[in-house]
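What follows is a set of notes on a single structure, which appears directly below.
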Amino acid sequence: TGDPAGVAAAARDFIDRNYLILEAAFDRGPFILGDVLSVTDIYVWMLTQWHHDFDWLAKRCPRITECILAAMERPAISLVHNDQFGPGLGLKALPPF
């Protein structure tokens with residue numbers, strides 16, 4: 001019961017804190033394991049498409065942003081990305097919460 005805005009704000013904060021933890025774990029690049037694309041990078045690319053604020057992600061998590069952009073340059077990922085998410089970053093079909 002009550003206003004769901006507080007729940008939505010808490011969820012966004014939780015998600016952002018976890019992205020900051022992942023960002024801190026990057027010590028090589030452009031991918032999580034260094035120069036080699038792994039399934040982990042593909043998973044992070046997919047998850048980031050649902051992030052609520054790409055400006056925040058780019059400013060606070062530049063290594064994650066570099067990783068997902070490098071993954072998106074791969075022809076197979078680019079094909080899936082454009083089909084599932086549309087051009088550019090983010091799932092265009094979902095309204096921001």
Q. Which one of these does ILE21 not meet: (1) more than 11 Å from the chain's Cα centre (by Cα); (2) among the β-branched types (Val, Ile, Thr); (3) buried (at least 17 other Cβ atoms within 10 Å of the Cβ)?
A. (3)
Q: Restrict the check to the stretch 4-17 and report whether at least one residue is in a helix (DSSP H, G or I), of a type in the set (Lys, Arg), more than 11 Å from the chain's Cα centre (by Cα) and surrounded by 11 or more Cβ atoms within 10 Å (Cβ to Cβ).
A: yes
**Q.** Positions within the stretch 48-93 being open to solvent by less than 60 Å² (accessible area, probe 1.4 Å) and closer than 15 Å to PHE31 by Cβ, in sequence order
**A.** THR48, CYS61, ILE64, THR65, CYS67, ILE68, ALA70, ALA71, MET72, ILE77
Q.
Take the residues in the stretch 30-47 that are without any contact (Cβ under 8 Å) to a residue 40 or more places away in the chain and in a loop (DSSP other than H, G, I, E, B); name whichever of them is least open to solvent (accessible area, probe 1.4 Å).
A. SER38
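The values are calculated or read from the model by the stated rules, or taken from the named source; none is laboratory data. Predicted model, so just to flag it, every value in this text is computed and none were measured. With ideal geometry, Cβ positions are generated from the backbone for all residues, glycine too; neighbour counts draw on all protein chains shown. Heads up: the accessible areas ignore ligands, DNA and RNA and are worked out on the full protein's heavy atoms, side chains in. Shrake-Rupley method; radii C 1.70, N 1.55, O 1.52, S 1.80 Å.
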